[in-house]
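Peer 1: I have a structure I would like to understand better, so I am pasting it below and will then ask my questions one at a time.
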């Protein structure tokens, strides 16, 4: 708050230092929690499988696409929407084609 009020560089350097310390501390806690989770997981009760599956699922979240009929959630619908969009974008311009033919 003092940095915002005064814009004193000493406060800014103190703020940056404290932010780095807090970030380092948070990373340390997250790392400890993750290590404890992995240590407690085992193959017999499927906890290791569940942890790995959850990690895999989180990285594959793809948001829905907005098409003319609304949001599209499934993969096939998204592929069709993208194909239609590309077809519309890369059509020949018939108007300029006709003008070139008449001027030659």
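Peer 1: Residues that are surrounded by 10 or more Cβ atoms within 10 Å (Cβ to Cβ), under 30 Å from residue 41 (Cα atoms) and at pLDDT below 90: does the range 59-78 have at least one?
Peer 2: Looking for residues that are surrounded by 10 or more Cβ atoms within 10 Å (Cβ to Cβ), under 30 Å from residue 41 (Cα atoms) and at pLDDT below 90, one finds none in the range 59-78, hence no.
Peer 1: To continue, here is another question. If you take the residues in the range 30-58 that are surrounded by fewer than 10 Cβ atoms within 10 Å (Cβ to Cβ) and in a helix (DSSP H, G or I), which one is modelled with the highest pLDDT?
Peer 2: 39
The values are calculated or read from the model by the stated rules, or taken from the named source; none is laboratory data. Computed from a prediction, not measured in an experiment: that's the story for all the values here. So basically every Cβ, Gly included, is an ideal-geometry build from the backbone, and we count neighbours across all protein chains shown.
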